Each structure stands twice: as C-alpha cells, then as structure tokens.
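Bear in mind that the values in this text are calculations on the coordinates, not laboratory data. None of these values were measured; they are calculated from a predicted model. Here the Cβ positions follow ideal geometry from the backbone for every residue, glycine too, while neighbour counts run over all protein chains shown.
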Amino acid sequence: KEKVILDVDTGIDDALGIMLAVKSKRFDILGITTVNGNVSLAKATENTLKVLEFLGVEKEIPVIRGADRPVLRPTFFEHRVHGEDGLGGALQDVSVKTQAAVGFAPDFLIENVLRHDGEITLIMTAPLTNLALAVRKCPEIVRHVKEVIVMGGVVKDFGNVTPTAEYNIYVDPEAAKIVFHAGFQRLTLVGLDVTRKALLTEEHIRQLGDTPFGQYVKTSTADYMQRYFERNGVRACALHDPLAVGVALQKDLVGTRKLFVDVETRSELCDGQTVCDFQNRLSKAPNMDVCLEVDSKAFLDLFIRTLQS
Ligand code: BDR
Ligand code: CA
C-alpha cells in the first residue's frame with residue numbers, strides 16, 4: 001500500500017477527501033496532520049477526529065495537531081463556505097471520544113519522512129504552514145519525500161477569495177512560497193483550474209442513497225451547494241480536496257504540464273496569486289506538475305463508487 005500523510009483544515013471538502021482516502025483502502029495512512037485554515041486548529045482537529053470516528057478508524061490513524069496560525073499573517077477563517085462548525089452542520093451528534101496524538105505536525109512530518117525514505121506521498125489540502133515549518137526546521141526532508149500533492153492555487157482561472165487567489169495559498173502565501181521553492185522531486189499542483197470541474201451534483205448524492213454516507217454527504221454539502229447555486233445557477237459543489245486524494249489514487253485523472261510557479265506575497269491586490277510561467281519568460285526550471293485538465297466523470301465515478309463501498 002502507498003504510504004501517505006494527509007494535511008487538513010477540516011473543512012467540508014477535507015472531510016470528503018479523508019473519507020475517499022480511508023474508504024479506498026489503497027493507502028497506508030501514517031497520520032493526519034491538522035492546521036489552522038477554514039476553521040481554527042482546535043476545530044479542524046476536532047472535526048478530523050469526528051470524521052475518523054464516523055469511519056470507525058479512530059484507533060488506526062493518529063491525528064497530530066500542527067500550526068495554529070500562518071507563518072507571518074493573521075488567521076483568516078472560511079465560515080462563509082464551511083459553516084461555523086466547519087462541516088456544514090453534519091455530525092453534530094457525534095461527540096468526540098478520541099484525542100489527538102502527542103506531538104507537533106511539522107515534527108511528525110520530519111520523523112516519518114526520514115523513517116520511510118522515498119516512500120511517502122504528502123497530500124496537502126490546507127494552507128501549507130505545517131510543511132513549510134517542517135522544511136525550515138529540517139531542509140533535508142525534501143530529498144526523502146516521494147511526492148507532494150497540493151490542493152491549492154489557480155493558474156488560468158480566477159481566484160476564490162480574491163480575484164486572483166485561491167484560499168489555501170492566500171491564507172499562508174509565505175508558506176506556499178517556501179514549499180514551492182524547496183526543491184521537492186515531485187510536486188503536483190491540483191488547483192481551481194481542475195477542482196472547479198470536479199462537481200458533485202444532487203444526482204450524485206441520490207446515487208449514494210439513503211446510507212450513512214449518503215446522509216452525511218447530503219447534510220454536509222447542503223449549504224455549500226446552495227452557495228454555489230446562488231453564484232452559478234446549478235445545484236452542485238466543487239470537490240477540491242477529494243480531487244487531490246483522487247490524483248494520489250489515480251494519476252491519469254488529470255493532465256499536467258511541468259511549469260515554474262511562484263507565489264505573490266507583496267501585492268495589495270494580488271497576494272496569494274499563483275503566477276505560472278507558461279512561456280518560460282523568467283527562464284526558471286519547472287518546479288512542479290501543474291494540473292490543467294481533469295477527467296471529471298472518471299473522478300466522480302471513483303468518488304461515488306468508493307463512498308458506496
Ligand atoms: C480550498 O480551500 C478550502 O476552503 C477548501 O477546504 C479547499 O482546501 C479550496 O480553495
Ligand atoms: Ca481544505
């Protein structure tokens with residue numbers, strides 16, 4: 001089984017990403033690290049524990065707390081999208097019985113990457129603070145990570161927080177800059193260009209049926225879908241974070257190009273923008289594989305099939 005660590009700010013779609021990863025049974029999930037983002041670190045951790053209890057794997061997968069704020073900037077929660085609780089009101093009756101493991105996420109990342117040389121894929125679906133802190137503390141880890149998959153950024157389309165910035169990068173652009181320039185052998189950027197096409201519709205929810213998972217997905221995405229409907233006139237919602245997990249499961253779901261991408265950190269209007277050098281005007285070597293196309297149907301089939309299983 002592929003060894004992975006998920007880094008999350010759970011989050012409606014983070015929760016669905018965790019469910020896809022666990023239910024696929026294709027990963028050896030060494031741990032789930034949490035970080036400030038959509039909700040506070042404490043909420044993100046509690047939500048992650050709740051999701052693992054709902055899945056019945058709370059004893060198998062440790063949850064490790066990480067950074068409670070971005071490296072330089074103040075916090076910027078996303079309650080508009082994910083609700084006050086972060087799960088769109090789902091799992092309110094689940095009281096968490098387990099606790100987070102002792103330790104700090106950046107240290108957990110360092111220890112595991114060094115222990116499993118070249119074997120770990122990091123699936124990052126939150127601001128990149130934990131990984132940036134790990135790289136700062138132990139730059140050596142960069143050579144020992146198999147791959148980093150980042151849900152974040154947008155290179156051709158528009159942003160979802162500001163006109164040009166995607167949330168995960170916008171919240172901690174300095175962390176993203178550190179990660180993007182760290183020199184990872186393989187870094188895949190799963191940005192809004194593709195995640196916006198990974199749309200969960202009401203028909204998909206019907207396909208999940210009246211099962212606990214069907215109920216969960218229906219409840220947690222109801223407001224999220226309403227918000228999308230108000231903007232786009234269609235009842236659907238984007239599965240941003242699950243697509244990053246999908247890419248870890250099946251590479252041919254996306255079409256990528258090797259490109260140089262940097263992050264804007266000093267602009268009043270464009271902070272957090274992922275600037276992609278399509279024509280190599282900066283004469284820099286590519287630092288990542290950028291997802292530009294996605295087989296949405298294949299991904300949604302995989303997502304529904306896995307959650308039904
Ligand atoms: C990303 O931001 C968060 O709100 C979601 O969980 C996802 O990781 C999408 O821009
Ligand atoms: Ca997220």
*Treating cross-link reach as a plain straight distance, find the lysines whose alpha-carbon is under 23 Å from the alpha-carbon of LYS251, omitting any fewer than eight places away in the same chain.*
LYS1, LYS3, LYS23, LYS25, LYS146, LYS156, LYS197, LYS297
*Using modelled amide H (1.01 Å from N, peptide plane; none on Pro or chain starts), what sits under 5 Å from the amide H of GLU293, excluding residues fewer than 5 places away?*
GLY255
*CD proxy at 222 nm, helix term only [per DSSP H run n ≥ 4: -39500 (n - 2.57); per residue of the chain; nearest 500]*: -11500 deg cm²/dmol
*Please list, in chain and number order, the residues 5+ apart from LYS197 or on another chain whose amide H is under 5 Å from its amide H, with Hs placed from the backbone.*
none
*For the chain, modelled as a GNM with alpha-carbon contacts under 10 angstrom, which of THR164, THR211, THR75 fluctuates the most?*
THR211
*Using a cut-off of 19 Å between alpha-carbon atoms, which aspartates and glutamates can reach LYS97, once sequence neighbours fewer than 8 places away in the same chain are excluded?*
GLU46, GLU53, GLU58, GLU60, ASP85
*Could you check what % of the DSSP bridge pairs in the chain are antiparallel, to the nearest 5?*
30 percent
*With a cut-off of at most 13 other beta carbons within 10 Å, and DSSP calling the residue loop, which chymotrypsin sites (Phe, Trp or Tyr not before Pro) in segment 139-190 qualify? Please list them.*
PHE158
_Amide hydrogen neighbours beyond the local backbone of VAL63, cut-off 5 Å, H modeled_ = ILE32, ALA101
*Which one of ILE12, ASN168, VAL148 is farthest out on the positive end of the charge dipole of the chain, using unit charges on Cβ (Lys, Arg +1; Asp, Glu -1) and the Cα centre as origin?*
VAL148
*Read phi for every residue in segment 81-88 and hand back ³J(HN,Hα) as whole Hz from Karplus 6.51 cos²θ - 1.76 cosθ + 1.60, θ = phi - 60°, with x for Gly and Pro.*
8, 9, x, 4, 7, x, 10, x
*Under unit Cβ charges (Lys, Arg +1; Asp, Glu -1), what dipole magnitude, rounded to 20 debye, does the chain have relative to its Cα centre?*
480 debye
_HN-Hα J in Hz across segment 186-192 - Karplus 6.51, -1.76, 1.60, θ = phi - 60°, x for Gly and Pro_ = 9, 10, 10, 9, 9, x, 4
*Exactly which trypsin sites (Lys or Arg not before Pro) in segment 171-209 are in a DSSP loop and have at most 13 other Cβ atoms within 10 Å?*
ARG186
